[in-house]
Amino acid sequence: MALDGVPRRVGVVGYGRLGQSLVSHLLTQGPELGLELVFVWNRDPGRMAGSVPPALQLQNLAALGERHPDLVVEVAHPKIIQESGAKILRYSNLLVGSPSALADQATEQQLREASHRWHHAVFVARGALWGTEDITRLDAAGGLQSLRVTMATHPDGFRLEGRLAAVPSTGPRTVLYEGPVRGLCPLAPRNSNTMAAAALAAPSLGFDHVVGVLVADLSLTDMHVVEVELSGPPGPSGRSFAVHTHRENPAEPGAVTGSATVTAFWRSLLGCCQLPSRPGIHLC
Ligand SMILES: NC(=O)c1ccc[n+]([C@@H]2O[C@H](COP(=O)([O-])OP(=O)(O)OC[C@H]3O[C@@H](n4cnc5c(N)ncnc54)[C@H](O)[C@@H]3O)[C@@H](O)[C@H]2O)c1
């Protein structure tokens with residue numbers, strides 16, 4: 001499946017679990033798909049030694065324009081989007097792997113402005129969010145009344161900050177947070193990406209009205225569970241439209257990213273390479 005005649009030049013920012021998987025896919029399958037890896041950047045460059053060809057290692061993120069990327073994929077940390085997202089958009093489309101960064105209103109505004117100024121797209125990887133298009137369609141039709149995303153895993157799978165880091169897990173199942181996704185993202189930036197994707201998929205509710213729930217569950221040693229519950233308008237009988245999905249994703253003990261999510265990211269990368277470079281924020 002070649003994307004079209006011209007190879008797309010792709011840069012990857014972050015070389016952890018997701019970055020290593022994407023780089024490996026790009027090196028092995030990229031050429032036949034019309035994708036060329038043009039750089040990899042990691043905060044700790046030593047991590048790339050021996051597995052990323054030296055010519056592809058980018059030492060200074062600010063120099064990425066010299067590699068002329070068509071798409072930069074961020075799979076590092078929300079801070080990278082907050083600090084460098086708008087600068088990247090000057091040179092390239094951007095695929096955001098850490099959308100919890102967009103809970104910060106200034107960051108979202110900067111990305112939107114840079115996207116329009118430089119005519120580059122901000123793509124957001126749906127990650128673990130099941131039913132993204134259905135949520136967006138219901139929202140666009142004016143029928144989405146509530147949306148709640150629950151993420152449950154073993155406490156070792158969480159990377160929590162601020163007051164959440166101090167909440168003790170009491171008993172086998174502890175609700176660590178329940179409330180607007182905007183409030184959760186800064187406290188659990190690595191574990192709220194699915195909820196942030198939901199907030200972007202449903203702009204009528206957005207970060208302030210999509211509800212995020214974070215649950216520490218001692219029984220989920222090797223799995224991340226994401227539940228999406230939404231309601232729509234009442235039908236003729238008065239009963240409301242409702243959807244409830246339950247996604248069980250096998251994960252290595254203590255990992256932030258489950259196995260199926262790694263595959264979903266590669267599909268997002270391929271998907272956004274087939275979309276036009278339209279200003280604005282688009283889930284893929
Ligand atoms: N959208 C989703 O559903 C979803 C799912 C899983 C992971 N993610 C996000 O994708 C990103 C990568 O995930 P991963 O599983 O590969 O994580 P990982 O911990 O395996 O790798 C992260 C990489 O980024 C680097 N990094 C960490 N903090 C950094 C910082 N402040 N500045 C620069 N570099 C930094 C690390 O050195 C590492 O190389 C994370 O932000 C994670 O939260 C999103």
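The distance separating the Cα centre of region 243-270 from that of region 121-177 comes to 13 Å. For the chain, the longest principal axis of the Cα atoms and the long axis of helix 259-273 meet at an angle of about 60 degrees. Positive end of the dipole of the chain (Cβ unit charges, origin at the Cα centre): among HIS154, HIS224, ALA197, the Cα lying farthest that way belongs to ALA197.
In region 170-260, what trypsin sites (Lys or Arg not before Pro) fall in a loop by DSSP, with at most 14 other Cβ atoms inside 10 Å? Sites meeting the loop and neighbour criteria: ARG239. Charge dipole (Cα centre; +1 on Lys/Arg Cβ, -1 on Asp/Glu Cβ; no other charges) of the chain amounts to roughly 360 debye.
Distances longer than 27 Å among the Cα atoms of the chain: what percent of all pairs is that? For the chain, the fraction of Cα-Cα distances above 27 Å is 40 percent.
Return the unpartnered cysteines for the chain, using a Cβ-Cβ cut-off of under 4.7 Å. So, CYS185, CYS273. Just the protein heavy atoms count here, and of the accessible area of region 23-94 at 1.4 Å, carbon and sulfur take up 50 percent. Shape summary: region 132-257 maps onto an equivalent ellipsoid whose semi-axes, from the alpha-carbon gyration tensor, are 27, 15, 13 Å in decreasing order.
Average accessible surface for region 132-257: 47 Å² per residue, computed with a 1.4 Å probe over protein heavy atoms with every protein chain in place. Near VAL13: Cβ cut-off under 10 Å, other residues only, Lys/Arg at +1 and Asp/Glu at -1. The net charge is 0. Counting only Cα atoms, the size of region 1-136 along its three principal axes is 39, 33, 28 Å, in decreasing order. Using θ = phi - 60° in the Karplus curve 6.51 cos²θ - 1.76 cosθ + 1.60, the 3J(HN,Hα) couplings for region 95-112 round to 9, 8, x, 10, x, 4, 4, 7, 5, 7, 4, 5, 5, 4, 5, 4, 5, 4 Hz; x is entered for Gly and Pro.
Which percent of the accessible area of region 132-257 is formed by carbon and sulfur heavy atoms (probe 1.4 angstrom)? Exposed carbon and sulfur together represent 54 percent of the surface.
The values are calculated or read from the model by the stated rules, or taken from the named source; none is laboratory data. For clarity, every value in this text was computed on a predicted model and none was experimentally measured. All Cβ positions, even for glycine, are placed from backbone atoms using ideal geometry, and neighbour counts span all protein chains on display. What goes into the accessible areas is simple: the full protein's heavy atoms, side chains included, and nothing from ligands, DNA or RNA. Shrake-Rupley method; radii C 1.70, N 1.55, O 1.52, S 1.80 Å.
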